[in-house]
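Take a look at the structure below.
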Amino acid sequence: MAGLRLGPLLRYTDGSSATVWVETSRPCTAEVRCADGSGGTARTFQIAGHHYALVPVTGLTAGTSTTYEVLLDGGRVWPLPGSPFPPSAIHAPGPEGGFRVAFGSCRWASPPAGGHDPVGPDALDALATRLASDPEGERPDVLLLLGDQVYADETSDSTQRWLAGRRDLNDPPGNGVADYEEYTHLYYESWLDPRIRWLLSTVPSFMIFDDHDVIDDWNTSAAWLADMRATDWWRERLLSGLMSYWVHQHLGNLSPEELAADPVYEQVRKLPDGTDVLRTFAARADADPATVRWSYRRDFGRVRLLMVDSRAARVLDEQGRSMLDPGEEAWLREQVLDSSGTYDHLLVGTSLPWLLPHLVHDAEGWNAALCRGERGARWARFGEKVRRAADLEHWSAFPESFARLADLLAEAGSGPDAPATVCVLSGDVHHAYVAEPSWPGEGPGARVVQLVCSPVHNSVPLSMRMAFRIGWTAVSRGLGRCLARHGRLAPPPVTWRKTDGPWFGNQLMTLTLRGRSARLRLERARAREGAGPRLATLLDSELAP
């Protein structure tokens, strides 16, 4: 009998359909059977000896909830026998009512039950504990995971012991993962945590990668990429990273209609083994990022979500650096402005913050100017060293892209049909804050905010905490202006201020959107004796009345 190796993960949902992702122990037919009579089946496909299915669930009724079970070749495999959690359920959103989205990024896998957790309680574990204790209580309609779902370059002690049983860790890439099989181990370690497994089975999730899903500072510069391609291990790491991301994360971001139109998905499902097809796809994406789009759009009633790939879609030539290649930038603009009067809230998800502390922003712009030769070859070489050492590769390290995004957000928030809010959702920087931009003149009518929430389960050194706190001060702003003058930088098209934060610790933000109103809550995970972790509220504020 086929067994359930990983999952189920509830992924795409709308008012009438959903998709449920599973990994199984052998080829089989996977079925999702709902208590209300809805459901669906799918035959597994094979990648590198692993078997997966993305089961389309149809017949759901908008505005209702239904529990479900998973069967493989007719045998029930979910819920697990003796599970302490409530039954997994699919909550089909209705045309009316509010919409609640929880988001964060950067999650190391939690240690096994009873093990010491050096970075404190996991915010997703805490969310799962709350939902399990009150299944009928408040819950997110969607969970957005904004990058670093797995850490290919920073593995746990237990994973390193497993890796050492496969190869010599003295050889590159050392303690990092090397191939597809090792990537699957990261997902097992992360998603088999009992609370996380149940949470992902009952709250729809949407995801996008960031650098650690492949390697720290992935695609930071053309020189960085050339150095990586000169190694004998990089190509396998990258192709395996893209392949495993496509299987474990990307497919579930797509609607049933998008899946039906996806030629790679069609080929993989038709073949006895889709490994070569998927590997060819990943190699093509590496050679020409414009051939694939990892970004996507979702409309939840009158809320529009645009998840933007700010890693693989970069242009790295120093004389024309851009966070997004021309096709990706055109896609983003088209999605923002398409039928703009039909949404009340625009959410732009990008793993990297758009608005940073002023000193960091100016340092990144200054560094980009040095690297493109503004101060000569010697300064350019120095700039590249600083860029890599200090991780200077956010939106502000691509000044023209920063400015174009500012212009696009202002355009989206202006006019008689403007939404109530335009929210940029980001993570990456291992702390949380709220920043608000201002444009010269009248500015957009919508409230535009940068919401940063990270990490879900990770840490930040004391030195970085101090740097992020100091980076917002008036003294630091003056130092940043000195760097900007040295780099001969034009002033940015917006000014901004930090309105809340910074906060440190493992945390989640939640946006509650109802009509044209918006409310923001930030919660931090706290340990409890003899019980699962809990979420404690640090901020509860109104973004739009």
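Take the range 515-537 and flag every residue that is touching a residue at least 60 places away in the same chain (Cβ under 8 Å), under 23 Å from Pro437 (Cα atoms), part of a strand (DSSP E or B) and open to solvent by 20 Å² or more (accessible area, probe 1.4 Å). Talk me through it step by step, then tell me what you get.
Pass one, the range 515-537, residues touching a residue at least 60 places away in the same chain (Cβ under 8 Å): 515-518, 520, 522-527, 531-535.
Checking the rest, the ones that are also under 23 Å from Pro437 (Cα atoms) come to 516-518, 520, 522.
Within this subset, residues satisfying the condition of being part of a strand (DSSP E or B) are 517-518, 520, 522.
Selection gives Ser517 alone.
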* Collect the residues in the range 253-269 that are open to solvent by 40 Å² or more (accessible area, probe 1.4 Å) and free of Cβ contacts under 8 Å to residues at least 60 places away in the same chain, keeping them in residue-number order. => Glu257, Glu258, Ala260, Ala261, Pro263, Glu266, Gln267
* Structure fact -> Of (1) under 22 Å from the mean Cα position of the chain (by Cα); (2) surrounded by 20 or more Cβ atoms within 10 Å (Cβ to Cβ), Val119 fails just (2)
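Every residue, every condition in (1) in contact (Cβ under 8 Å) with a residue 40 or more places away in the chain; (2) open to solvent by 10 Å² or more (accessible area, probe 1.4 Å); (3) among the basic types (Lys, Arg), yes or no:
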residue: Asp338; (1), (2), (3): no, yes, no
residue: His345; (1), (2), (3): yes, no, no
residue: Gly349; (1), (2), (3): yes, no, no
residue: His361; (1), (2), (3): yes, yes, no
residue: Lys385; (1), (2), (3): no, yes, yes
residue: Glu393; (1), (2), (3): yes, no, no
* Residue count for the range 142-158, restricted to those that are crowded, with 20+ Cβ neighbours inside 10 Å and not hydrophobic (A, V, I, L, M, F, W, C) -> 5
* Asked: Looking at the range 291-307, is at least one residue in contact with a Lys or Arg (Cβ under 7 Å, 6 or more places away or on another chain), under 30 Å from Gly376 (Cβ atoms) and of a type in the set (A, V, I, L, M, F, W, C)?
  -> no
* Within the range 40-62, is even one residue closer than 30 Å to Leu522 by Cβ and over 26 Å from the mean Cα position of the chain (by Cα)? -> no
* Structure fact -> The residue from Val77, Val32, Val70 that alone is aliphatic (A, V, I, L, M) and under 30 Å from Arg302 (Cα atoms) is Val32
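Kindly state which helices (runs of 4 or more DSSP H) lie completely within the range 168-252 and contain at least 3 residues that are open to solvent by less than 10 Å² (accessible area, probe 1.4 Å).
Numbers: elements: 180-191, 194-202, 222-229, 234-245.
By residue number, 180-191, 194-202, 234-245.
Search the range 503-514 for residues being part of a strand (DSSP E or B) and open to solvent by less than 20 Å² (accessible area, probe 1.4 Å), and hand back the single one that is farthest from Ser105 (Cα to Cα). Break it down stepwise before answering.
Step one: list which residues in the range 503-514 are part of a strand (DSSP E or B), which gives 503, 507-514.
Next cut, open to solvent by less than 20 Å² (accessible area, probe 1.4 Å) only: 507-511, 513.
Details: Gln507: 9, Leu508: 9, Met509: 10, Thr510: 13, Leu511: 15, Leu513: 21 Å.
Looking at residues that are part of a strand (DSSP E or B) and open to solvent by less than 20 Å² (accessible area, probe 1.4 Å), I get Leu513.
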* Asked: Taking the range 74-114 on its own, how many of its residues are open to solvent by less than 50 Å² (accessible area, probe 1.4 Å), within 27 Å of the chain's Cα centre (by Cα) and among the small types (Gly, Ala, Ser)?
  -> 10
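Looking for something basic (Lys, Arg) and either surrounded by 22 or more Cβ atoms within 10 Å (Cβ to Cβ) or at pLDDT below 95 (or both) - is there at least one such residue anywhere in the range 270-292? Walk me through how you get there before you give the answer.
Quick first cut of the range 270-292, residues basic (Lys, Arg) only: 270, 279, 284.
Among the residues that remain, those that are also either surrounded by 22 or more Cβ atoms within 10 Å (Cβ to Cβ) or at pLDDT below 95 (or both) are: none.
Scanning the range 270-292 turns up no residue that is basic (Lys, Arg) and either surrounded by 22 or more Cβ atoms within 10 Å (Cβ to Cβ) or at pLDDT below 95 (or both).
The values are calculated or read from the model by the stated rules, or taken from the named source; none is laboratory data. In this text, all values refer to a predicted model and were calculated from it rather than measured experimentally. Don't worry about glycine lacking a Cβ; one is built from the backbone with ideal geometry, like all the others, and counts go over all protein chains shown. With ligands, DNA and RNA removed, areas are computed over all heavy atoms of the protein, side chains included. Shrake-Rupley method; radii C 1.70, N 1.55, O 1.52, S 1.80 Å.
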